[in-house]
Each structure stands twice: as structure tokens, then as C-alpha cells.
Amino acid sequence: MKLKERRIFQVINCIRDVLMDSDRDIGVLININLFDSLVSEFTQEEVTYALRYLQGKGYFDNGALASGSHGYILTSKGYDDWLFPNGPIDEKGVFISYAVEDKNFAGKLKQFLEKDGFKVFLAHEDIEPTAKWRDKIISDLKTSSIFIALRTKNYIEKQYTEQECGFALALNKRILSLCVEVESSKMGFCSEFQAKRFNKLNKTEIFNYCKKQLENLI
């Protein structure tokens with residue numbers, strides 16, 4: 001990919017971030033001034049080109065400019081295919097990352113949190129046998145707001161659990177790490193996030209800690 005193309009896609013990603021931080025919805029006119037902050041990092045020509053590119057993809061309604069309005073209108077296609085390709089982020093969505101050896105404990109934690117109104121994703125319970133499990137995991141990682149890592153000795157030996165942590169970190173999720181008989185220093189880049197060490201899989205202690213922390217995060 002040429003340097004110019006990379007720059008344009010960087011602008012597009014920044015436009016997406018601006019929209020994600022705003023309260024704009026489908027069919028609402030988006031004033032062009034909303035993107036003024038991007039000019040401090042990119043040229044006006046780059047921002048204009050990126051917006052026209054998004055129009056061409058059908059993510060913005062061309063009629064907004066044609067009618068003389070100084071702005072853009074987010075289309076259903078833009079909302080579903082670009083802004084939220086996997087659905088909007090659920091503020092009470094929780095993704096529990098765990099080793100298969102600890103699935104029974106993870107299942108009980110899911111039940112406990114769901115009683116408080118959280119929507120909890122657990123791979124062995126929520127993936128249909130015929131589903132493409134990698135796609136499903138990535139989709140739920142994207143749409144969940146909170147990532148809980150049940151970091152036991154079994155966990156740190158698994159490659160896929162570390163990959164899940166990497167995804168959560170890259171997606172800027174709120175990360176809660178439960179370190180059971182392991183040190184938080186073994187968490188790599190995630191070690192700076194809320195990590196609590198437990199001497200064993202104590203149901204009462206861990207469940208109550210999670211409940212308190214999640215209430216603070218929401």
C-alpha cells in the first residue's frame with residue numbers, strides 16, 4: 001500500500017473515532033465542523049478526500065451536500081457495515097477469557113454476573129457447534145465493553161487466551177484481571193490494568209470482587 005493510501009485510511013479511522021465519540025445517529029445531519037480537529041494532524045485535502053471516499057462507499061448520504069447542507073448524513077449502510085460492523089458495543093457486555101480446564105468456575109461466574117443484569121459471553125456456552133468459533137469470539141470481543149481474564153496457571157499456558165488479551169488491549173476494552181495463584185507481572189502488556197491476586201479459586205471472594213469492580217466500571 002502506498003504512503004498516500006495509508007494516510008487516507010488513517011484519516012478514515014480518525015473520522016470513525018470522532019463519530020463513535022459523538023451522539024450522531026442514522027439520518028441525522030453531521031455538521032462538517034465536527035471533523036475540524038482532524039486538520040491538526042492531517043491536511044484539509046486529506047480529510048476532504050476521505051469524506052468523499054466514504055460517500056462513494058455509501059456510508060454517507062450524498063444528498064446532504066447536493067442540497068446545499070454543510071454536512072453529511074450517516075446511512076444505514078455506514079452504520080451497519082462501517083461504524084458498527086459487529087453491532088454496537090454493549091455497555092453491560094462482559095467477555096470472560098479463561099482456560100478450558102476452568103470452564104466450570106467461569107460458568108458459575110457468568111451466572112452470578114447475569115443475575116446483576118450483565119450480558120456475559122462464555123465460549124463453551126455461547127458458541128453454536130456449527131459456528132465459526134474464531135469469528136464469533138472476535139465479534140463478541142468487539143461488542144463487549146468489559147474483558148475479564150481468569151488468569152490461572154492453566155490460563156497462562158494457553159496461546160489463545162493470550163491472543164484474546166491482545167485483542168482486548170488493542171480494542172481498548174476495560175480490562176479486569178483475576179490472577180489466581182499467578183503474579184500480575186506475567187500478564188505482559190495487560191499487567192497495568194486492574195489486577196487482583198487470589199490465592200485460590202475462592203468463589204465468594206472472586207465473585208464479590210468482580211461485582212464491586214464492574215459496578216465501578218459501568
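Read the figures in this text as sums done on the coordinates, not as results from a lab. What you are looking at is a predicted structure, and each value in this text was computed from that prediction instead of being measured. Positions of Cβ are backbone-derived with ideal geometry, glycine not excepted, and every protein chain shown enters the neighbour counts.
What's the FRET efficiency of Lys200 with Asn172 using the Cβ-Cβ distance as r and R₀ = 22 Å, to the nearest 0.05? Provide the component values of the computation, followed by the final result.
Details: r = 31 Å, r/R0 = 1.43.
It comes out at approximately 0.10.
Could you give me the ³J(HN,Hα) list for region 200-213, computed from phi with Karplus coefficients 6.51, -1.76, 1.60 and θ = phi - 60°, whole Hz, x at Gly and Pro?
Couplings: 7, 6, 8, 4, 4, 5, 5, 4, 5, 5, 4, 4, 5, 5 Hz.
So if R0 is 30 Å, what FRET efficiency would Tyr53 and Glu91 give, r being the distance between their Cβ atoms, rounded to the nearest 0.05? Present the calculation step by step, with values, prior to reporting the outcome.
Values: r = 31 Å, r/R0 = 1.02.
The pair Tyr53/Glu91 has a calculated efficiency of 0.45.
Set the Förster distance to 41 Å, then compute FRET efficiency between Glu157 and Leu29 from the Cβ-Cβ distance, nearest 0.05. Can you show the working numbers first?
On the way: r = 53 Å, r/R0 = 1.29.
Working from the Cβ atoms, E equals 0.20.
On a 19 Å Cα-Cα criterion, which of the cross-link pairs Lys103/Lys200; Lys103/Lys153; Lys115/Lys211; Lys115/Lys173; Lys57/Lys142; Lys173/Lys196 come out too long?
Details: Lys103/Lys200 15 Å; Lys103/Lys153 14 Å; Lys115/Lys211 11 Å; Lys115/Lys173 22 Å; Lys57/Lys142 23 Å; Lys173/Lys196 17 Å.
As for pairs spanning more than 19 Å Cα to Cα, those are Lys115/Lys173; Lys57/Lys142.
What list do you get for Ser144, Ser22, Ser139 if you sort them by fewest beta carbons within 10 Å?
Numbers: Ser144 25, Ser22 11, Ser139 16.
The order, fewest Cβ neighbours first, is Ser22, Ser139, Ser144.
In nm, to one decimal, how far is the modelled label at Lys136 from the one at Glu114, with both set 7 Å along Cα→Cβ?
Label-label distance for Lys136 and Glu114, simple model: 1.4 nm.
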